[in-house]
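Each value in this text was obtained by applying a stated rule to the coordinates, not by laboratory testing. Keep in mind that this is a model prediction, so the values were computed, not measured. FYI the Cβ positions are ideal-geometry reconstructions off the backbone, even for glycines, and counts take in every protein chain you see.
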Amino acid sequence: MTGPGHKSAAWPLALSYAALIVYASLFPFTGWRDQGLPPWSYLSAPWPRWWTGFDLGINVVGYLPLGFLLAVAVLRSRPLWRAGPAVAVAVGGLGGALLSFVMEALQSYLPARIPSNLDLGLNAAGALGGAVVAAGLVRIGLISRWQRARGRWFVDESRGALVLLALWPPALLFPPAVPFGLGQVFERLEEAVAVWLTDTPFLEWLPVRQFELQPLVPAGEMLCVALGLLVPCLLAFTVARSLPRRALLAAGVLAAGTAASALSAALSWGPVHAWAWVGPPVWAGGVLAVLVMGALLRVPRRLGMVLLLLATALHLSLLNQAPLNAYFALTLATWEQGRFIRFHGLAQWLGWLWPFAVILYAGVALSRRPAPTAAA
C-alpha cells in the first residue's frame, strides 16, 4: 500500500506518455480542414487495403505502455480508489481506447493523416494488453516488490526525478549536434522568431549577432559531453537514499544514455554506424564525467540540487553557442522520409525541453523545506 508520504510516478508517467501519443498522432499539426463528414465516420469505413507488419506492430506496441501505466496508477492509488485488478484493467483498456478514438477522429481534419478503424482496434488491443500485464504483475507480487524496492532506493518525493530520468533516454533518440547535448534550441528559436516576425515592424527588435556561431573546439565538445552525462547522474543523486545506490544509479544512467545514443545512430545511418559518434572528445568527456561523479557521490542532497542547476545552465550555455552540426539536415531528412516520421518531432521536442524541465524541477525542489535525511 502506498504510504502517506509516498507518491506514485505512474500517474505523471501515464499523463506524459498520453501527451506523447497526442503529439505523435497529430504531427505536423498543419492544414486543418473540415471535409463535411462526422469525425467518427471512419468507424464504418472499410479496413485499409494497404498495411505492413510494422504498422500493425507499432499501433499495438505504441499503446501498450499507456494501458500498463494507467492500470498501475489505479492500483498504486488503491487507498483512494479502493480498486482491484479488474477496475485497473478496465481503466487502462478503456482509457487507451478512448484516447485512440479521439486521436483518430481528429486525424480526419488533417490532410497528412488518415483515420483508421484498424488503428483504433490495434491501439485499444495494445492498451488492454498493457493493463492485463500490469494486473498480472500485481497478482504475482512484482508491483509490490517494486514499491518496496523504490522505498529502499529512493526518497519519498522522488517521482518527478524518476519521470525525468525515464524520459532522458527517449530524448536522446533524435541525434543531437553533440552527444548527450540536449537543449540546443537557440539557433532554431532565433530563426523561427525571425520567420514569425517577417513583414512586421517587430523584426527590427531582434538583436543582430556580429559573428556567426562557431563549431565547438574539441575541448568544448568534451565539456559538453561531460556535462550532458553529469546532469542526469546528479538528478539521480538527489533522490537516491545511499552512497552505493548513487554509484549504481550513475552506472545505469551512463549505460542507458550510451545505449540510446547508439540506437539513435543505428536508426539514422544504419547499424554499421551505431558507434560512429564515439570519438576522442566523447571518450574524454565520458572519463571526465565519471571522475566528477565519483567526487560528488557524497554531496548532500540540497547541494546536489544546486549543482544540478548550475551544471544544466552551463551545459545549455555552452551548447547554444555552437551551430547545428553539418549532419543535421541529413539526419532530419532521413527521419522524415523513413519510418520514424511520426516520432521525429516527438523525440526532437523531448531533446529540446528535457533540460529546461530539469531546471524547473530543481527550482521547485529547492523552494521546499530541506529534507532532514542525507545520503549515507
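Some points to look at:
- Residue order for Thr238, Thr200, Thr258, fewest other beta carbons within 10 angstrom first, comes to Thr200, Thr258, Thr238.
- Among Val72, Val102, the order by Cβ neighbours within 10 angstrom, fewest to most, reads Val102, Val72.
- Region 144-169-region 25-44 distance, computed between alpha-carbon centres (Å): 39 Å
- Counting all C-alpha pairs of region 227-305, share separated by more than 20 Å (%): 37 percent
- Order of Asp119, Asp34 - criterion: other Cβ atoms within 10 Å of each residue's Cβ, fewest first: Asp34, Asp119
- Cα-based convex hull volume of region 91-142 per residue, rounded to whole Å³: 60 Å³
- Potential extension, Gln321-Val22 segment - 0.36 nm per residue separation minus Cα distance: 104.4 nm
- Tail beyond 16 Å, pair distance distribution of region 110-198 (Cα, percent): 78 percent
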